Amino acid sequence: MKKPTFLISFLVFFTLAISCYAQPVSSTELINNAKLYDGKIVNYEGEVIGDIMKRGDYAWVNVNDGVNAIGIWINTALLRDIGFTGSYKSVGDGIEATGVFRRACPEHGGDLDIHAQSIRKTGAGRQMQERLNIDKRNQVFIFLGIIGLIWISKLLRAK
Amino acid sequence: MILKPRLEDVKIIGFYLGKIILGLALTMVVPIILGLALKETNPTLDFLIGIEISFIFGLLLTTLCRTEKDLSWMQGMIVVSLSWLAAMLLGAIPLYLSGHWKSYLDACFEAMSGFATTGLTLVQDLDHLSYTHNLWRHLITFIGGQGIAIVALSLFVKGASGAFRMYVGEARDERLLPNVVNTARFIWLISFVYLILGTLSLGIAGISIGMRPGNAFFHGACIFMAGFDTAGFAPQTQNMLYYHSLIFELVTIVIMLVGALNFNFHYQLWIGNRKEVFKNIESRAFFISIMLTFLIAAISLNQLGVYPQALALFRKGFFQLVSGHTTTGYATIYAKQFITEWGDLGLVALICAMGLGGCACSTAGGIKMLRIGIIFKALLEDIKKIILPERAIVVQKFHHIKEIFLEDKQVRGALLITLAYLVLYGFGTLVGMFYGYPFLESLFESTSAAANVGFSCGITDVNMPSFLKVTYIFQMWAGRLEFMSVFTLLGFFVAILRGKR
């Protein structure tokens, strides 16, 4: 094979290989095939949920992709863009973390985790406005009325 | 000849069932207060609807079935078994209304799992569940762990003999104090003291690992309730893996072990008798069993090279083993990792630990250590009889609060309940296999449900067949009540259908 052809083939193959890993991998895929991905650089995308737990210069950020959540070990300097974490009253920021996946992390007591090298914000979180559910409110009053009727009949029976 | 139950029987059962439902309704006040404090409007409405429906049923039953009579053994057992079903149906209402459970059956599954202190879950999008609903999930484990009838005993029931019958119906046959109502109150006292200590410990641990203070104490209370009551629910999807913390795991191990100990131990410690912990047949059996099953699991994990470091083996291997043996079900690994990484030997060790369970008269499930100890002593006695000369008189004793001579009656009782558990484990396994799940996975999930553990290897899922969900609900219920009250209820229905007047 001539040198330019070999180089072009190599570059094409290399780019394809990188692009494969550049695709975000789901939590299910990572957990079910943990041995396969162990020690490899992966892209993992999801919503930041719960607490951001700072431990010195690093922090644990739990990221849920809709099925499972995985812990991301991340330098706090990379967390500046994260404003919202998911809870009942808020939707967390969406992030894509690129880093080394560990099936049983030797640094963290065997946790299945990702040590992030970089993160990219993919979606903005927000506060959720809770709207009063009118049907539920009406049901509360209806059932209250029924309790009142039973109570009155109980009093009448007692007399 | 089977006698058809009289209307009087039905009225007495209905009246006491109504009282228990009223007691349960009152417990919904706790999440309502939290919902109001946190301004979670719709979740508060869910619980207002739940409490109102519960009050309606409770008031109807106590009004229509009003009686002054005390419970007989049969009636007490039936009240207990029905009250657990009522708790499931009513406790599921606010859960279902939240929209985080796909069907009412799923919400019932969750409620039974909570009350029976199992911890298997079908919740959707747990990370966005309100604090109000999350508190309820954990509170029902606290209520169920102590016993639903004990709630009523502490609040409403006056008759001592009827109270004792309900107490026994909930798989508790040891009185800590001469009066069963005082025993029930003492169990609550112990539980509340531990609740305060456990919440403080976990809350401080939570703050030290970077959680917001409010969240740390909320999680602390939830993790304590589901840990002490060996349930295994957690406020986040990742269960214990959410915290990524050795300190949090260590505190939780202590809480799980404390919860799996006999309430009689706690009472003995309370009155200063610390030696009991070292002399008692249950604590000895529990220690030996944990060590043996962990040894087998560790050999398997080591052979497969799953956790090369000692710390990882402790945090993953030992934690899961203790969690399974105490029938808690807290996990620091993902469900599928049991199947893909632990190997058959490791899984068998964990299944054995789950099946054996914690101590009698505790919040734990499974066969129980007292029965295992008694069976082992009986085996020793039989071996001695074979070895020693025929004229030798062999007497076997064991220590459980006091020195007790081993009798055939105790051995028979222990063996019967053990057999019933094994049949229950097998039944769920068969149903799982019927739906195409592999043997070991079916056995794992079935044992987890029937021994009220809560570990899942992935079968428990919102998409699993409905009949399998019902099977696991039945297993959780029968396993928690240790069969007698469930058998009595089945017998009662047979008597209604086939009994003679």
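The values are calculated or read from the model by the stated rules, or taken from the named source; none is laboratory data. Since we're looking at a predicted model, the values are computed, not measured. No Cβ is skipped: glycine too gets one built from the backbone with ideal geometry, and neighbour counts run over all protein chains shown.
Only one of B:PHE263, B:PHE228 is over 27 Å from A:ILE72 (Cβ atoms), touching a Leu at 6+ places or on another chain (Cβ under 7 Å) and of a type outside the set (S, T, N, Q). Can you tell me which? It is B:PHE263.
Here B:LYS316 fulfils each of the conditions (1) part of a helix (DSSP H, G or I); (2) touching a helix residue (DSSP H, G or I) at 6+ places or on another chain (Cβ under 7 Å); (3) crowded, with 22+ Cβ neighbours inside 10 Å; (4) within 10 Å of chain A (Cβ to nearest Cβ) apart from (2). Across the stretch B:460-476, the number of residues qualifying as surrounded by fewer than 24 Cβ atoms within 10 Å (Cβ to Cβ) and under 20 Å from B:SER323 (Cα atoms) comes to 1. Within this structure, A:GLY39 passes the test of being farther than 17 Å from A:LYS121 by Cα and surrounded by fewer than 21 Cβ atoms within 10 Å (Cβ to Cβ).
Taking the condition more than 14 Å from chain A (Cβ to nearest Cβ), within 18 Å of the chain's Cα centre (by Cα), of a type in the set (S, T, N, Q) and within 14 Å of B:THR326 (Cα to Cα), does B:THR293 pass?
The answer is no for B:THR293.
Taken as a whole, the structure places B:LEU200 among residues that are more than 13 Å from every other protein chain (Cβ to nearest Cβ), surrounded by fewer than 17 Cβ atoms within 10 Å (Cβ to Cβ), outside any loop (DSSP other than H, G, I, E, B) and at pLDDT 95 or above. Can you tell me which residue within the stretch A:100-123, out of those that are buried (at least 21 other Cβ atoms within 10 Å of the Cβ) and more than 9 Å from every other protein chain (Cβ to nearest Cβ), is nearest to B:PHE319 (Cα to Cα)? Among residues in the stretch A:100-123 that are buried (at least 21 other Cβ atoms within 10 Å of the Cβ) and more than 9 Å from every other protein chain (Cβ to nearest Cβ), the one nearest to B:PHE319 (Cα to Cα) is A:ARG102.
Table: residues versus (1) more than 14 Å from chain A (Cβ to nearest Cβ); (2) modelled with pLDDT of 95 or more; (3) closer than 30 Å to B:VAL193 by Cβ.
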| position | (1), (2), (3) |
| --- | --- |
| B:GLY272 | yes, no, yes |
| B:VAL277 | yes, no, yes |
| B:ALA310 | no, no, no |
| B:LEU345 | yes, yes, no |
| B:ALA353 | yes, yes, yes |
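Residue-by-condition table, conditions (1) farther than 20 Å from B:GLU110 by Cβ; (2) at pLDDT 95 or above:
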| residue | (1), (2) |
| --- | --- |
| B:MET433 | yes, yes |
| B:LEU443 | yes, yes |
| B:ALA451 | no, yes |
| B:THR471 | no, yes |
| B:MET476 | no, yes |
| B:PHE483 | yes, no |
| B:ALA495 | yes, no |
| B:ARG498 | yes, no |
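Among the numbered conditions (1) modelled with pLDDT under 90; (2) at negative phi, the only one that B:ASP127 does not meet is (1). Here the helices (runs of 4 or more DSSP H) wholly within the stretch B:387-501 that include at least 1 residues being within 27 Å of B:ALA349 (Cβ to Cβ) and of a type in the set (A, V, I, L, M, F, W, C) are B:408-434, B:439-450, B:466-481. Hey, can you tell me all the residues within the stretch B:209-238 that are more than 10 Å from every other protein chain (Cβ to nearest Cβ), part of a helix (DSSP H, G or I) and within 30 Å of B:LYS368 (Cα to Cα)? B:GLY220, B:ALA221, B:CYS222, B:ILE223, B:PHE224, B:MET225, B:ALA226, B:GLY227, B:PHE228 - these are the residues of the stretch B:209-238 that are more than 10 Å from every other protein chain (Cβ to nearest Cβ), part of a helix (DSSP H, G or I) and within 30 Å of B:LYS368 (Cα to Cα). The combined condition, being under 23 Å from B:GLY144 (Cβ atoms), of a type outside the set (S, T, N, Q), away from chain A (no Cβ under 11 Å) and not in a helix (DSSP H, G or I), is not fulfilled by B:GLY324.
With respect to B:GLY114, determine if the residue is within 14 Å of B:ARG480 (Cα to Cα) and at pLDDT 95 or above. Yes: the conditions hold for B:GLY114. Among residues of the stretch B:28-69 being part of a loop (DSSP other than H, G, I, E, B) and either closer than 18 Å to A:ALA158 by Cβ or more than 12 Å from chain A (Cβ to nearest Cβ) (or both), the one that is modelled with the highest pLDDT is B:MET28. Would the stretch B:70-86 turn up any residue that is out of contact with any Leu (no Cβ under 8 Å at 6 or more places or on another chain) and within 13 Å of chain A (Cβ to nearest Cβ)? Within the stretch B:70-86, none of the residues are out of contact with any Leu (no Cβ under 8 Å at 6 or more places or on another chain) and within 13 Å of chain A (Cβ to nearest Cβ).
Scan A:VAL91, A:VAL140 and give me the residue that is touching a residue at least 40 places away in the same chain (Cβ under 8 Å) and either within 14 Å of another protein chain (Cβ to nearest Cβ) or among the aliphatic types (A, V, I, L, M) (or both). Full working, then the answer.
On the way: A:VAL140 fails: touching a residue at least 40 places away in the same chain (Cβ under 8 Å).
Every option except A:VAL91 fails the conditions.
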